[in-house]
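Here the structure comes first, spelled out in structure tokens, and everything after it is commentary.
The values are calculated or read from the model by the stated rules, or taken from the named source; none is laboratory data. Values in this document were obtained by computation on a predicted structure and should not be read as measured data. We place every Cβ from the backbone using ideal geometry, glycine too, and count neighbours over all the protein chains shown. Heads up: the accessible areas ignore ligands, DNA and RNA and are worked out on the full protein's heavy atoms, side chains in. Shrake-Rupley method; radii C 1.70, N 1.55, O 1.52, S 1.80 Å.
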Amino acid sequence: MLEEGFWTHPLVETAGYFSVVVLCLIVAMVIFEIVTKYKNWEEIKSGNLAVAMATGGKIFGVTNIFRFSIEQHTTLFEMIGWGFFGFVLLIFAYLLFEFLTPKFKVDEEIARDNRSVGLISMTISVGLSYVIGASIS
């Protein structure tokens, strides 16, 4: 009985959710690193603000989706499953953004520090994270 109470204590649950979401975020960022044609962290280190905005939007988007998933699901596995499903939709949105801009390549413009494209990329990630998160049931 004491053990069950420990795992359901709010501090332990919060630490557990935090730890799992951080691990999921790391996995998500590795996948985004593979999807994009530029190296996110190298570009950020060199001062590329467009990449920083796009990456920040992805981080916010992923964590916001997991926030909704935590609110809607009672088990850790459901939370992770729905969070990753939302993440897949966010990747799809990023690829759709690339497809819907035939006059330029989004990845190339962000790599060139085109801050306008970086800002739009960030806004798409943040905005759609709310739509994706709200639809998680």
Query - Residues being within 17 Å of LYS105 (Cα to Cα) and of a type in the set (A, V, I, L, M, F, W, C) - total across region 25-48 - result: 3
Query - Criterion (among the acidic types (Asp, Glu) and within 30 Å of GLU13 (Cβ to Cβ)) met by exactly one of GLU71, GLU109, GLU98 - result: GLU71
Query - Any chance ILE26 is over 21 Å from HIS73 (Cα atoms), open to solvent by less than 100 Å² (accessible area, probe 1.4 Å) and within 14 Å of the chain's Cα centre (by Cα) - result: yes
Query - Residue within region 59-77 that is over 14 Å from the mean Cα position of the chain (by Cα), open to solvent by 80 Å² or more (accessible area, probe 1.4 Å) and within 19 Å of VAL131 (Cα to Cα) present - result: yes
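If you take the residues in region 78-91 that are aliphatic (A, V, I, L, M) and in contact (Cβ under 8 Å) with a residue 40 or more places away in the chain, which one is surrounded by the fewest Cβ atoms within 10 Å (Cβ to Cβ)?
ILE91
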Query raised in the report: Quick one: would you say THR36 is hydroxyl-bearing (Ser, Thr, Tyr), at pLDDT 95 or above and under 16 Å from ILE124 (Cβ atoms)?
Result: no
Query - Only listed residue being part of a helix (DSSP H, G or I), under 25 Å from TRP7 (Cβ atoms), among the hydrophobic types (A, V, I, L, M, F, W, C) and out of contact with any Phe, Trp or Tyr (no Cβ under 9 Å at 6 or more places or on another chain), chosen from VAL30, VAL22 - result: VAL22
Requested in this report: Just need a number here: residues in region 89-137 that are part of a helix (DSSP H, G or I) and farther than 30 Å from GLU78 by Cβ.
Outcome: 14
Query - Number of positions in region 35-71 that are assigned to a loop (DSSP other than H, G, I, E, B) and of a type in the set (Phe, Trp, Tyr) - result: 1
Requested in this report: From GLU98, GLU108, GLU71, grab the single residue that is in contact (Cβ under 8 Å) with a residue 12 or more places away in the chain and charged (D, E, K, R).
Outcome: GLU108
Report task. Give the number of residues within region 46-58 that are touching a residue at least 40 places away in the same chain (Cβ under 8 Å), open to solvent by less than 20 Å² (accessible area, probe 1.4 Å) and touching a helix residue (DSSP H, G or I) at 6+ places or on another chain (Cβ under 6 Å). Result -> 5
Query raised in the report: Is region 7-30 home to any residue that is in contact (Cβ under 8 Å) with a residue 40 or more places away in the chain and under 21 Å from ILE120 (Cα atoms)?
Result: yes
Query - Single residue of region 92-125 satisfying the filter (open to solvent by 20 Å² or more (accessible area, probe 1.4 Å) and touching a Lys or Arg at 6+ places or on another chain (Cβ under 9 Å)) that is farthest from GLY56 (Cα to Cα) - result: LYS105
